[in-house]
Structure formats: structure tokens, C-alpha cells
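The values are calculated or read from the model by the stated rules, or taken from the named source; none is laboratory data. Only a predicted model underlies this, so the values are computations on that prediction, with no experimental measurement involved. For neighbour counting, all protein chains shown are included, and Cβ atoms are generated from backbone atoms with ideal geometry for every residue, glycine included.
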Ligand code: G2I
């Protein structure tokens, strides 16, 4: 269970393994460099936000930093279920509205957090189950999203619904026990209530490619294929003393599904690598065109939920830390520009072969998103004139290249010629229909792929 801060921090430290991606780059003599986080992020069309607390808005140091540095705000607790509906059907928006007004007064984006979550439920909801809980939850989504209609940039519609560990499945909760479709029901209700807000799924320990993030990935892909309204995925990024080596690749594979990605609750344990890890996260977001912004989970170390870990960009007195400078420098070094309207087709190189095949069997088309030293590949498998009951795709990597992870397929080998076999849920493909899997790797990616029915 993750109810205690200590348990959570220990888990984060265990899960956050891998290499630091890059070190910070010092800028010198750049007369055009912007001097605040918000302005620097705006140069590439992104926001830089902070989670804020209504109870701290009377603190002069706090609000000075907030007003100067940030271009987005997230209520740390004020829009959660226990805060907005303390007894069933009685809604209280006083503190949530204070956060909204603070954001509006700054001309900032406001991220809504969070409509449904297994934690911070009011006690009356904790004691409900079944259809009574389902209707109460959907009513909650509808009421709160309606109250804030037109004012929220993005809502965390559902928070932390996936289990930790290797299952890749949902977390048990009272909401989950109302039926597996509770998440899509929440997204549909949120869209109906506030069509202008981007609707996000938000979670932690999904910051690299792992079983949990792949579970979320498969849900998002399923939602996109069935028209369930989802626009973005939030990666909380509560990091320990390292960052997953495939952090950027993980953001990219979600972006390739046609959703925005956002870093939603960034904080990093203070240690030798803090400034470098902050820079790596910033650079990863800047390298992914659909990464629209970064939010840190608090302003000063003393404002953090991670007591004693000093995980933020400003010290207890409000002074800028080395981590602040490394983020600012990374933002000023630039990145790809975020599109203001989502592209109609996912970014990437065009498929290397054109399905469907004329006869039986199958074809595989590779789409690569590459950067210096690595790539994410999406492979579309298309059945020919006969249905498939299983398939194998083979690619040949350039020398020195290696596969570091795959999703929706199982690979044999990691270098040279690598085979990918379907997993149990995507082996059956109707005649002329398609399915997708993906992988990421270091070095150069494959140009073509061949498919065999099995
Ligand atoms: O746990 C860290 C974050 C993980 N992702 C979702 C976020 O919503 C979550 O934020 C934290 C807040 O930073 C804490 O401030 O969520 C905690 C609740 O799970 C918040 O802590 C709560 C305390 O548990 C309550 O005792 C306290 O009344 O903050 C409340 C308001 O200060």
C-alpha cells in the first residue's frame, strides 16, 4: 500500500533505476535566453507549472516565486474528491476556486487534479460500492467538471488506477470493483461536461518502459481505437536518485498513440544527481513534440510532501537551487516545438512498406521516431486475404544497435536479426485488418520488417 510517505518514497527509490540520460548544459553569452521557467518553456510552446496549496497563498515568498516563475498551476489537494464533495451531493469549491483565481490572475494554465482516485475519497464514498458508488462517482465527475467548465486546461480524470509490480493490470479499489469500464465511463462523463478540457490519465512509476506503464499504454491504445475520449497522459515523475534510461522513449511511445504527454508531479530526491536528473527530464520533454509541459510538485523544499528529501527547485528560504539553473538552461537550449493543434497522423517516418498484401500471409510496416543514439519503432502488422491466428515479425538491426524493450510482442534476441512474436491478445487478426506493436532501442533502428503467419 502507498498510504504512507515513507512507503512511497522507498518504492520510488527501488523503481527508479537506470542511467542518467544527460548532464546539464551551461549557457553562456546567450543574450536571448529567457530568465524564468515559464518564459523559457514558452519559447517552445510549453508551460512550466507548479502544484500549489490555497493555504500558502498568503506567504509572500511563495507567491512571489509563483507569480514570477510559473505559467501553470495544479491544486495540490483542493480539487480532490474529499475537498469538493465532503458529503454526498454537497459541493464545496472555495479552495479550488482560490487556486483557479490565482492561476487566472497569472494568465497561467490550470491543471485540474483529480476527478477520481482511490485515495482522498470522502468517507461517504469509501463506504459505497457497486452501482451506488458508480453513479456517485460519475455524478462527481459531471458536477466538478461542469463547475470548472471552460477554465481547465487539462483534467486528471482518473489518477493512479494501475497496480504496481509486474502484472500490468488494474489496482484493486472500490472504484475498480464497480467494473473495469469505470475509467472510460469517467472520461465520457468528463468530455460531456467540459468539451474544451484535455482529458488525462495520470500515474506514477510509469516513467520508464515497464509492466505498469505498458498496462497504461495498452489502455490508452484501446481507448483511442474505440473512440473513448482521452487526450493526454500524465507522468508524475516522483524520482529518486536516478532516471529510467528509456524515460524519453516511454514518453514518445505514448505520444505516438496520438495523445499529449505531460510531466505532472515532478520532484527528485536531493543527492549528487538532482540537477542532472531535472535536466534530463526537461530535455526529454523538449525532445517529444507532444510533451506539452512540466509541472513540479511544489515550490520550495519545505512545501514538498517528501519531507526531508529536498526534492524541489527552490530551497526552504526560496533561493534558486542548482536544479533550478539546470532546468532553466535546458529550457533555453531549446527543443522541438509543441504543436498547437494535435497532428492528424502520429509523427514519424512513413511506413517502409505498403500494406495490405495481395495474397495470404501478412506484411509489417515500421515507423521510426529516432533521435541521436536511440529510437522508438511502431510496427503495423496487416493480415492478407486470410485471417491470422498468430504472427512473427523479423527485423535486422544495424551493427551496434540493440533492442531495450518491446510492448505488445515478445522478442527473441536483442541484436542482429530479431524476431517478434504476437502476445496472447493480438495474435488473431481478421483478413485485411491490422494490429500494432512496438519496441525501442539504442543505435540505429531497422528500415524494414518482414511478417510471417504462424
Ligand atoms: O502523494 C503525492 C502525490 C501522488 N500523486 C497524486 C497527488 O495527489 C499526491 O499529492 C499528495 C499531496 O502532495 C499531499 O499534500 O497527496 C497527498 C494525499 O495522498 C497529500 O497529503 C495530504 C495528507 O495526507 C493529509 O493528511 C492532509 O490533510 O494532504 C492533506 C492536505 O494537507
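For the range 184-197, the set of residues classified as surrounded by fewer than 22 Cβ atoms within 10 Å (Cβ to Cβ) and either under 11 Å from residue 156 (Cβ atoms) or without any contact (Cβ under 8 Å) to a residue 40 or more places away in the chain (or both) consists of 191, 195, listed by residue number.
Each row is one residue, and each column tells you yes or no for (1) away from the ligand (no atom under 16 Å from the Cβ); (2) farther than 28 Å from residue 62 by Cα.
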{"residue": "208", "(1), (2)": "yes, yes"}
{"residue": "229", "(1), (2)": "yes, yes"}
{"residue": "241", "(1), (2)": "yes, no"}
{"residue": "247", "(1), (2)": "yes, yes"}
{"residue": "251", "(1), (2)": "yes, yes"}
{"residue": "268", "(1), (2)": "no, no"}
{"residue": "282", "(1), (2)": "yes, no"}
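Taking the stated definitions as given, is residue 147 within 22 Å of residue 204 (Cβ to Cβ) and either at pLDDT 95 or above or surrounded by fewer than 17 Cβ atoms within 10 Å (Cβ to Cβ) (or both)? The answer is no for residue 147. Taking first residues from the range 260-277 that are touching a residue at least 40 places away in the same chain (Cβ under 8 Å) and farther than 18 Å from residue 314 by Cβ and partners that are within 16 Å of the ligand (Cβ to nearest atom) and in a loop (DSSP other than H, G, I, E, B), the Cβ contacts under 9 Å between residues at least 6 apart in sequence or on separate chains come to 264/236; 264/237; 264/297. Does residue 28 meet the test of being under 18 Å from residue 328 (Cβ atoms), more than 23 Å from the chain's Cα centre (by Cα), modelled with pLDDT under 50 and in a loop (DSSP other than H, G, I, E, B)? Criteria met by residue 28. Across the range 211-235, the number of residues qualifying as in contact (Cβ under 8 Å) with a residue 60 or more places away in the chain and surrounded by fewer than 24 Cβ atoms within 10 Å (Cβ to Cβ) comes to 5.
Within the range 131-151, can one find any residue that is out of contact with any helix residue (DSSP H, G or I) (no Cβ under 8 Å at 6 or more places or on another chain), away from the ligand (no atom under 16 Å from the Cβ), touching a residue at least 12 places away in the same chain (Cβ under 8 Å) and within 21 Å of residue 233 (Cα to Cα)? For the range 131-151, residues out of contact with any helix residue (DSSP H, G or I) (no Cβ under 8 Å at 6 or more places or on another chain), away from the ligand (no atom under 16 Å from the Cβ), touching a residue at least 12 places away in the same chain (Cβ under 8 Å) and within 21 Å of residue 233 (Cα to Cα): present. On inspection, residue 296 does not qualify as under 18 Å from residue 34 (Cβ atoms), in contact with a helix residue (DSSP H, G or I) (Cβ under 8 Å, 6 or more places away or on another chain) and at pLDDT 95 or above. Of all the numbered requirements in (1) under 14 Å from residue 441 (Cα atoms); (2) modelled with pLDDT under 90; (3) touching a strand residue (DSSP E or B) at 6+ places or on another chain (Cβ under 7 Å); (4) surrounded by fewer than 22 Cβ atoms within 10 Å (Cβ to Cβ), residue 376 misses one, and that requirement is (4). In the set 179, 168, only one residue is at positive phi, touching a strand residue (DSSP E or B) at 6+ places or on another chain (Cβ under 9 Å) and away from the ligand (no atom under 16 Å from the Cβ); that residue is 168.
Please tell me if residue 154 is within 30 Å of residue 36 (Cα to Cα), crowded, with 19+ Cβ neighbours inside 10 Å and within 15 Å of the ligand (Cβ to nearest atom). Criteria met by residue 154.
Within the range 287-312, which residues are away from the ligand (no atom under 16 Å from the Cβ) and buried (at least 23 other Cβ atoms within 10 Å of the Cβ)? Show your work before the answer.
Quick first cut of the range 287-312, residues away from the ligand (no atom under 16 Å from the Cβ) only: 287-293.
Scanning the range 287-312 gives 288, 290, 291, 292, 293.
Residues being more than 18 Å from residue 297 (Cβ to Cβ) and either more than 14 Å from the ligand (Cβ to nearest atom) or modelled with pLDDT under 95 (or both): count how many of those fall in the range 110-130.
Pass one, the range 110-130, residues more than 18 Å from residue 297 (Cβ to Cβ): 115-116, 118, 121-130.
Pick out the ones that are also either more than 14 Å from the ligand (Cβ to nearest atom) or modelled with pLDDT under 95 (or both) and you get 124-125, 127-130.
The qualifying residues number 6.
With respect to residue 256, is the statement that it is touching a strand residue (DSSP E or B) at 6+ places or on another chain (Cβ under 7 Å), over 21 Å from residue 52 (Cα atoms), within 16 Å of the ligand (Cβ to nearest atom) and touching a residue at least 60 places away in the same chain (Cβ under 8 Å) true? Here the answer is no, as residue 256 does not meet what is asked.
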